[in-house]
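Peer 1: Below: one structure in structure tokens.
The values are calculated or read from the model by the stated rules, or taken from the named source; none is laboratory data. The model shown is predicted, which means the values in this text are computed figures rather than measured ones. Methodologically, a virtual Cβ is constructed for each residue, glycine included, from the backbone with ideal geometry; neighbour enumeration extends over all protein chains shown.
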Amino acid sequence: MKLQVNGKSFAATPAPGQCLRVFLRDLGWYGVKKGCDGGDCGACTVWVDEKPVHSCLYPAFRAEGKEITTIEGLAKNGELHPMQQAFLDAQSFQCGYCAAGMIMTAAALSDEQKQDLPRALKGNLCRCTGYGSIRDAFAGVKNIAPDDAGASVGASVPNPFAEGIVTGHARYTSDIPPMDGLLHLKVLRSPHAHANILSIDRSEAMAVPGVVDVFTWEDVPRRLYSTAIHEDNRVDPDDTYMLDNVARFVGQRIAAVVAETEGAAEEGCRRLKVGYEILPAVFDPTEAMEPGAPVLHDKGGDSRILHPNKNVFLELHGEVGSVAQGFAAADAIYEETYDAPRQQHVHLETMQSITWRGEDGRLHVRTSVQGPFIVKGKLCYLFGILPADLHVFTERVGGGFGGKQDMMSEDLPLLATIKTGRPVMWEFTREEQFTGATTRHPMKTRVKLGAKKDGTLTAMQFRIVSNTGAYGNHGGETLANGMSGPWAVYRCPNKKGDGYAVYTNLQCGGGFRGYGTGQPTFAVESALDELAALLNVDPIEMRRKNMIGPDDEVESVLEGASDLTMGSYGLDQCVDAIEKALASRRGIPKPEGEDWLEGSGVALSMLDCVPPTEQRSGSEVTLRPDGGYHFTVGSVEIGNGLVTAQQQVVAQVMGCPTARVTFLNADTDKTPYDSGTFASVGMMVPTKAVENASVALREKLLAFAARTTGTKVEQCRLEDDAVLCGDRRVLLTELYSAARAQGEELTCFRKAYGSPRTVAFMVYGVRLAVHRVSGEIRILFSIEAVDAGVVMNPNQLRGQVIGGVVQGIGWALQEKMVYDDAGAVINPTLRNYRIPTFADAPITEVFFADTFDAIGPLGSKSIAENTINPVAPAIGNALKAATGVRFTALPFTEDRIFSKLTET
Amino acid sequence: MSKNVGTVVMTRLRRVLDKGPMNLNTITEIKQPRSADEIRHWRDGYAWLAGGTWLFSEPQIHTDTLIDLGTLGWQAIAAGKDGIELAATCRIAELYALQPSPEWIAGSLIGECCRAFLSSFKIWNEATIGGNIVMSLPAGPMISLTVALEGTYTLLPRDGLPREVRAADFVTGNHTNILQSGELLRSIHLPAAALAKSFAFRRSELTHLGRSSVLLIGTRGKPDGGLMLTITAGTVKPVQLAFDGTPSSEQLRNAIDSAIPDSLYLDDVHGSPAHRRHLTYHYAEQIRRELGA
């Protein structure tokens, strides 16, 4: 059939059941993204004869004779469409994966529709921005600052990928032409929560035309490992096989099929005959610890599981002072259990990898992951590959939020490439993200607080039971993290905590923004309000009285000296700002009617800016022949804005505009080693390495210029594209040539290590209305105050903050993974697992504290994880203030809270 | 678990627990008939394709042939003195653009019900009224609309003569209806008498502009016709209560209780049965008051 795409004629015949999204991508239009393939996220939006449609739902055969416009065809004659320009000016994206569909929708709106953006944009999901910068695009706000030489720190310089993102040319993992002989991989997943696999008959699957090979547990290296990505793999249990003969949760991968087409691979999976011996399963972590509960991992000590027979991967206990004495001295004691559930990351780009053997004879892995170097190490271990023979890299990654801190999509394609010699691609479906990937760990926190009449805390005690699911991966580290910051932020002589990371037959917990701290923060920040109420103390005063000050030691319950120090302190400024903002009554007025109740709430949070485990990185900065600079660094750009910040650091140190700084990142062949981009390290470790290398190169350049011109080095300084040597101005291009002539390389490599570690603070304030009959909640005012040290890029930081707040609002008010009695997720789609849309995201103000961090690069520190932590408890506190009812379990959906409101 | 608003005219509805990209890789043939009568011999594996916005949203592994309704050329909308005639293939966008004549007060329900879709206006460009009705999901707003406006559906069996059914009798449960194998929804008639009524509309959802957890519509004829209350979304199938005149608050509540046993309230991620029942009482009473005078 014939059709027009972006003004070009094509003659091609789609498969009968092909959707337009895949058909267009087959024709090479990679601006058409896959977000959900269910019509829910809008990332695949294109125009058919000028009408916007979700191309994943559009039968390709119906495109015959039609004119299709994709994001690549929106600009005309080299001029961006006004909406592309508006998105560029407002920088209305972070990872940028949703932007193509968002712009194709926005550009199709009538003036009338633009008056009601919540409705007009409800078919487009963005998980990064919280929609703040998208709102800005429609309002014509310019969020970009001039890119002045040597003045980039503190300036909102644009994302270097911005143009590519708004034109659809930014390349994400799957946005490359198919390699010759490419095979597609699909996975059969377990329908049972706990079962032994007795047999797998692959004969019918192998008989499906196009199926090339089938892999089961008998075909993989029998090596235990953990999918979790950490520099030190010994912090995670080795409890996982690539493919196992025991299924421990519904959704565990059982077998992989590779075929010439996705359709054949799917059919192959359906034709596999698996004999299961169904075993008893346990889903509740408390029950899992009871005697007689089914044991998930009957493994030896080298798996590093503390009590395999009790399903306890790890226990942590600690006490400072004596809580017994502390409670004895208290005038009031509050105790309650808080239930913080799962949350799925919903990065818009699903996990995916492409693997192949190159002409160089080596194996290559192009992937969407937050730690390519650690993935490389794990793959080398699993397959017995020499490091020199393996190359792992990312290009642009469409969001992560911790979800891509596990090796989940790389190993099976690599196995298939090794076995077949052919390139292999595996893309998770959206459903697989919900069934076979990780989530935030569900945690129950029993919290007990005691205080004096004046509000001074005398004792804090807690017991955390974390459900790590069928495998341990991040269970231990998230537990340790959850036992730290939320408790250390308060000064109290007596603290005691017990924590348990427990196996159950449900899918695994993983790294999730906040990394185990959001759940206990919900408990302690709710409990603090309750205790304040018992004592008749104002909740903000209660916090002021007890929160740590700039000279306090950062101490929780776990023993041992710590490298945690306070490189800067802005918590007091944040608390003041939130108090003032709430008192101002800014925001939307309460809806009219006596059924609407109103209340305000606050919560605070502290997070380590680097994890306590090993974390290292390196960077090389080089003077280019054209007088610009090029840096390499191993960290990953996942929508965190890291490469923008790194460009800014180079530009600031070298005194040039960021436009003259090029880079390459996240590539095990071409960039220095990096432990991975997670745990808020991006600013603190890799960017610190970039700073270190830049400073070293600056010294080297000045020394060389001084030597060449015969000037004292103290009289030399960098100025944009030249070195001023006394009165003489030597262009960097000349300097480059001179160095080259002398055989000198103007390049520097430096490392950075994540120690000592600083802390960052966050305070969230909210005013909301709740309808006492229906239970509906409307957020009237939302503000987060952030202590990020020197703000490197205000616009990017604001985006991270608003995005974190809105992800927190999703967790607090709407996101809910539901399991049936057999342990299967019943809502593995975005229409049934509702992340916030534009309509759910309130306008959120952001306050930056004025601090300078002694540890982080150029005085800055990291905050993007911590933004989410105080949101849910602040909303819970506001809900209590409005209704008089304390809700102890998230999410606060209408149907879960209404009955308690009518009781009152 | 329920599905998104659907747009495919399907004869068999299945829950498929299978993963896949939304290429429907099991489809081997597209039929594009000029008339529905060309499809005489129905078999398993066939599915009528309307807008495709539900059909393409999940794998359809038991389907191998799509029969395209797009080539039938049915007139989308015909409005006359006796009411409005809608083809099953009328797109939501076309319906939403319709401006019913001003004396048809309840014609405003068309806009209200279109806006009750979870899906955005982009889906409306392809999704059809018929698709939404035959998907027979509790939250299908085209079901709410056509039942509240006392519509009738014309169905085309594969053999035998066309038959007409009341919209209120079509949906039999969550995702089930009275269609026989291969039977096709042809059109929907909305009578002028119902369109001329005054109305009240109430809707609730767990997330802003999300899927309806309850959707109640009250209508009342002039000058002193009885209250008709249509309860959808919160119940697994539509419930319609007709009163002579205006019931008392207690009569209304009793009527709801006897028409809707607890088991009829939908239990899914978009709302708990207790909350749906609570809101049903609440909004029904509001509607009673609004239309009572």
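Peer 1: Check whether at least one residue in the range A:733-746 is more than 20 Å from the chain's Cα centre (by Cα) and part of a strand (DSSP E or B), and report yes or no.
Peer 2: no
Peer 1: Looking at the range A:246-270 only, could you name the residues that are within 10 Å of chain B (Cβ to nearest Cβ) and among the polar types (S, T, N, Q)?
Peer 2: Scanning the range A:246-270 gives a single hit, A:Thr261.
Peer 1: Out of the residues in the range B:57-72 that are assigned to a loop (DSSP other than H, G, I, E, B) and among the aliphatic types (A, V, I, L, M), which is nearest to the other protein chains (Cβ to nearest Cβ)?
Peer 2: So, considering only residues that are assigned to a loop (DSSP other than H, G, I, E, B) and among the aliphatic types (A, V, I, L, M), the one nearest to the other protein chains (Cβ to nearest Cβ) is B:Ile61.
Peer 1: Next question, about the same structure. Find the residue count for the range B:168-206, including only residues that are of a type in the set (Gly, Ala, Ser) and either within 14 Å of chain A (Cβ to nearest Cβ) or free of Cβ contacts under 8 Å to residues at least 40 places away in the same chain (or both).
Peer 2: The number of residues fulfilling the criteria is 1.
Peer 1: Hand me the list of helices (runs of 4 or more DSSP H) wholly inside the range A:111-169 holding 2 or more residues that are in contact (Cβ under 8 Å) with a residue 12 or more places away in the chain.
Peer 2: A:117-120, A:132-139, A:162-167
Peer 1: For the list (1) surrounded by fewer than 24 Cβ atoms within 10 Å (Cβ to Cβ); (2) within 14 Å of chain B (Cβ to nearest Cβ); (3) not basic (Lys, Arg), I need the number of the one condition that A:Gly78 fails.
Peer 2: So the condition that A:Gly78 fails would be (2).
Peer 1: Then there is this: Just name the residue that is nearest to the chain's Cα centre (by Cα) out of those in the range A:505-516 that are farther than 18 Å from A:Arg253 by Cβ and of a type outside the set (Lys, Arg). Don't jump to the end; show me each part of the working.
Peer 2: Of the residues in the range A:505-516, the ones farther than 18 Å from A:Arg253 by Cβ are A:511-516.
In the following step, the residues that additionally are of a type outside the set (Lys, Arg) were identified as A:511-512, A:514-516.
Numbers: A:Gly511: 8, A:Phe512: 7, A:Gly514: 9, A:Tyr515: 10, A:Gly516: 13 Å.
Residue satisfying both the conditions and the ranking: A:Phe512.
Peer 1: Just to check your reading of the model, which residue among A:Glu335, A:Glu349 is crowded, with 21+ Cβ neighbours inside 10 Å and of a type in the set (Asp, Glu)? Talk me through it step by step, then tell me what you get.
Peer 2: Working: A:Glu335 fails: crowded, with 21+ Cβ neighbours inside 10 Å.
On inspection, the qualifying residue turns out to be A:Glu349.
Peer 1: If you don't mind, there's one more thing I want to ask. Only residues that are more than 23 Å from A:Pro423 (Cα to Cα) and crowded, with 21+ Cβ neighbours inside 10 Å: list them for the range A:166-196, please.
Peer 2: A:Val166, A:Thr167, A:Gly168, A:Ser190, A:His192, A:Ala193, A:His194, A:Ala195
Peer 1: Out of A:Thr902, A:Thr829, report the one residue that is touching a residue at least 12 places away in the same chain (Cβ under 8 Å), part of a loop (DSSP other than H, G, I, E, B) and at the interface with chain B (Cβ under 9 Å from one of its Cβ atoms).
Peer 2: A:Thr829
Peer 1: Evaluate the following for B:Ile84: is it in the same structural domain as B:Gly182 (by TED's automatic domain parsing), in a strand (DSSP E or B) and more than 21 Å from B:Phe121 (Cα to Cα)?
Peer 2: yes
Peer 1: If you take the residues of the range B:1-36 that are in contact with an Asp or Glu (Cβ under 8 Å, 6 or more places away or on another chain), part of a loop (DSSP other than H, G, I, E, B) and more than 30 Å from B:Ser213 (Cα to Cα), which of them is modelled with the lowest pLDDT?
Peer 2: Checking each candidate, the answer is B:Asn23.
Peer 1: Ok, one more. Being surrounded by 22 or more Cβ atoms within 10 Å (Cβ to Cβ) and over 17 Å from B:Thr230 (Cα atoms) is the filter here, so list the residues in the range B:184-202 that pass it.
Peer 2: Of everything in the range B:184-202, those that are surrounded by 22 or more Cβ atoms within 10 Å (Cβ to Cβ) and over 17 Å from B:Thr230 (Cα atoms) turn out to be B:Leu184, B:Leu185, B:Ser187, B:Ile188.
Peer 1: Could you say whether any residue in the range B:30-47 is among the β-branched types (Val, Ile, Thr) and touching a Phe, Trp or Tyr at 6+ places or on another chain (Cβ under 7 Å)? Spell out the reasoning first.
Peer 2: Step one: of the range B:30-47, the residues among the β-branched types (Val, Ile, Thr) are B:30, B:39.
Still in the list and also touching a Phe, Trp or Tyr at 6+ places or on another chain (Cβ under 7 Å): B:30.
Yes.
Peer 1: Let me confirm something: among A:Val650, A:Val621, A:Val602, which residue is crowded, with 19+ Cβ neighbours inside 10 Å, outside any strand (DSSP E or B) and on the phi < 0 side of the Ramachandran plot?
Peer 2: Of A:Val650, A:Val621, A:Val602, the one residue that is crowded, with 19+ Cβ neighbours inside 10 Å, outside any strand (DSSP E or B) and on the phi < 0 side of the Ramachandran plot is A:Val650.
Peer 1: Go over the candidates B:Leu24, B:Leu69, B:Leu49 one by one and state the one that is surrounded by 23 or more Cβ atoms within 10 Å (Cβ to Cβ) and more than 22 Å from the chain's Cα centre (by Cα). Steps first, answer last, please.
Peer 2: Working: B:Leu69 fails: more than 22 Å from the chain's Cα centre (by Cα); B:Leu49 fails: more than 22 Å from the chain's Cα centre (by Cα).
Residue meeting the stated conditions: B:Leu24.
Peer 1: Does at least one position in the range A:50-59 carry a residue that is more than 14 Å from chain B (Cβ to nearest Cβ) and buried (at least 19 other Cβ atoms within 10 Å of the Cβ)? Talk me through it step by step, then tell me what you get.
Peer 2: Pass one, the range A:50-59, residues more than 14 Å from chain B (Cβ to nearest Cβ): none.
No, the range A:50-59 contains no residue that is more than 14 Å from chain B (Cβ to nearest Cβ) and buried (at least 19 other Cβ atoms within 10 Å of the Cβ).
Peer 1: Give just the number: which of (1) in contact (Cβ under 8 Å) with a residue 40 or more places away in the chain; (2) on the phi > 0 side of the Ramachandran plot; (3) more than 28 Å from the chain's Cα centre (by Cα) does A:Gly361 not satisfy?
Peer 2: (1)
Peer 1: I would also like to ask the following. Considering the range B:234-279 alone, what residues qualify as being within 13 Å of chain A (Cβ to nearest Cβ) and among the aliphatic types (A, V, I, L, M)? Break it down into steps so the answer makes sense when it comes.
Peer 2: First, the residues of the range B:234-279 that are within 13 Å of chain A (Cβ to nearest Cβ): B:234, B:265-279.
The answer is B:Leu266, B:Val269, B:Ala274, B:Leu279.
Peer 1: Right, another one. State the number of residues belonging to the range B:37-56 that are within 14 Å of chain A (Cβ to nearest Cβ), part of a loop (DSSP other than H, G, I, E, B) and touching a residue at least 60 places away in the same chain (Cβ under 8 Å).
Peer 2: Residues in the range B:37-56 being within 14 Å of chain A (Cβ to nearest Cβ), part of a loop (DSSP other than H, G, I, E, B) and touching a residue at least 60 places away in the same chain (Cβ under 8 Å): 5 in total.
Peer 1: Determine which single condition A:Arg25 fails, assuming it passes every other condition in (1) within 14 Å of chain B (Cβ to nearest Cβ); (2) within 27 Å of A:Pro160 (Cα to Cα); (3) buried (at least 24 other Cβ atoms within 10 Å of the Cβ).
Peer 2: It is condition (3) that A:Arg25 fails.
Peer 1: Same structure again: Is the range A:691-699 home to any residue that is crowded, with 20+ Cβ neighbours inside 10 Å and either modelled with pLDDT under 95 or closer than 30 Å to A:Val805 by Cα (or both)?
Peer 2: Within the range A:691-699, one or more residues are crowded, with 20+ Cβ neighbours inside 10 Å and either modelled with pLDDT under 95 or closer than 30 Å to A:Val805 by Cα (or both).
Peer 1: Can you confirm whether A:Ala63 is buried (at least 21 other Cβ atoms within 10 Å of the Cβ), over 25 Å from B:Ala127 (Cβ atoms) and either in contact (Cβ under 8 Å) with a residue 40 or more places away in the chain or away from chain B (no Cβ under 14 Å) (or both)?
Peer 2: Numbers: buried (at least 21 other Cβ atoms within 10 Å of the Cβ): yes; over 25 Å from B:Ala127 (Cβ atoms): no; either in contact (Cβ under 8 Å) with a residue 40 or more places away in the chain or away from chain B (no Cβ under 14 Å) (or both): yes.
No; evaluated as a whole, the condition is false for this residue.
Peer 1: Within the range A:715-753, count every residue that is more than 30 Å from A:Pro686 (Cα to Cα) and polar (S, T, N, Q).
Peer 2: 2
Peer 1: Mind checking whether some residue in the range A:380-391 is buried (at least 23 other Cβ atoms within 10 Å of the Cβ), over 16 Å from the mean Cα position of the chain (by Cα) and in contact (Cβ under 8 Å) with a residue 24 or more places away in the chain?
Peer 2: Within the range A:380-391 (the criterion being buried (at least 23 other Cβ atoms within 10 Å of the Cβ), over 16 Å from the mean Cα position of the chain (by Cα) and in contact (Cβ under 8 Å) with a residue 24 or more places away in the chain), the answer is no, since none of the residues qualifies.
Peer 1: Exactly one of (1) in contact (Cβ under 8 Å) with a residue 60 or more places away in the chain; (2) in a loop (DSSP other than H, G, I, E, B) is unmet by A:Gly593. Its number?
Peer 2: Condition (1) is where A:Gly593 drops out.
Peer 1: For the range A:832-856: of the residues being part of a loop (DSSP other than H, G, I, E, B) and aromatic (Phe, Trp, Tyr), which is farthest from the other protein chains (Cβ to nearest Cβ)? Working first, answer last.
Peer 2: Initially, the range A:832-856 is screened for residues part of a loop (DSSP other than H, G, I, E, B), giving A:832-837, A:841-843, A:849-856.
Those left that are additionally aromatic (Phe, Trp, Tyr): A:833, A:852.
Working: A:Tyr833: 8, A:Phe852: 40 Å.
So the residue we want is A:Phe852.
Peer 1: I'm checking my understanding of the structure. Among residues of the range A:81-126 that are farther than 19 Å from A:Asp40 by Cβ and of a type in the set (D, E, K, R), which one is farthest from the other protein chains (Cβ to nearest Cβ)?
Peer 2: Ranking the candidates gives A:Asp89 first.
Peer 1: With (1) crowded, with 23+ Cβ neighbours inside 10 Å; (2) farther than 25 Å from A:Thr851 by Cβ as the list, and A:Ser152 as the residue in question, which single condition is left unmet?
Peer 2: Here A:Ser152 clears every test but (2).
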